[in-house]
Amino acid sequence: MKPCGVCGIICSHLGARGNIIVCRACTNKATTIDGRPVTFDEWAEKRNEVLYLMGPDFFYKDPDPQAGQPAPEAWETGVWIEGMQVTPYEGVAGWTGFIVKSNP
């Protein structure tokens, strides 16, 4: 258990391979640079009755009018939580979330 990289609340860092993670409460506040709410998660697509697991991606979420649709600009311009840029991360056993890059 270590502090969240945004708010400092103690939370599990299991699966993050030593990185500083963002807690679930802060993750729910993630937005694009222009303030549109997004989520970072696994997704699947069904084609010709075959389910393809597509890996993690960004999607707009409620209350955005495009909720559920891909948010490709998040890969280019970044994701922000309370004015701090965070990095998407896929860790151990498929854990997906955000990490905070530490300054070397």
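Under 16 Å Cα to Cα from residue 29, which aspartates and glutamates show up? Leave out anything in the same chain fewer than 8 places away.
Output for residue 29: 41, 62, 64, 82.
By a straight-distance test (C-alpha under 18 Å), which lysines pair with residue 2 as possible cross-link partners, with residues fewer than eight away in the same chain excluded?
Answer for residue 2, where 18 Å is the Cα cut-off: 101, listed by chain and number.
Work out, in µm²/s and without decimals, the Stokes-Einstein translational diffusion coefficient of the chain at 20 °C, 1.002 mPa s, Rh from Kirkwood over C-alpha pairs. Intermediate results must be reported in sequence, preceding the final value.
Numbers: Rh = 14.4 Å.
D, rounded to a whole number, is 149 µm²/s.
Can you give the relative contact order of region 2-100 as a percent, counting alpha carbon pairs under 8 Å and 6+ residues apart? Mind dumping the intermediate values first?
Details: 185 pairs, mean separation 28.9, N = 99.
Relative contact order of region 2-100: 29 percent.
Given a Förster distance of 41 Å, report the FRET efficiency between residue 66 and residue 14 from their Cβ-Cβ distance, rounded to the nearest 0.05. Numbers along the way, then the final one.
Working: r = 32 Å, r/R0 = 0.79.
Once the sixth-power term is evaluated, E becomes 0.80.
If you put +1 on each Lys and Arg Cβ and -1 on each Asp and Glu Cβ, how big is the dipole of the chain around its Cα centre, in Debye rounded to 20? Please list the in-between numbers first.
On the way: 9 positive and 12 negative charges, 87 e Å.
Dipole magnitude for the chain comes out near 420 debye.
Among 19, 84, 35, which residue has its Cα positioned farthest towards the positive end of the charge dipole of the chain, with +1 placed on the Cβ of Lys and Arg, -1 on the Cβ of Asp and Glu, and the dipole taken about the Cα centre?
Positive-most Cα among the choices belongs to 19.
A short reminder: the numbers here are calculations on the coordinates, not readings from a lab. Predicted model only: the values in this text are computed from it and were never measured. Cβ coordinates were reconstructed from backbone atoms using ideal geometry, including for glycine residues, and neighbour counts include every protein chain displayed.
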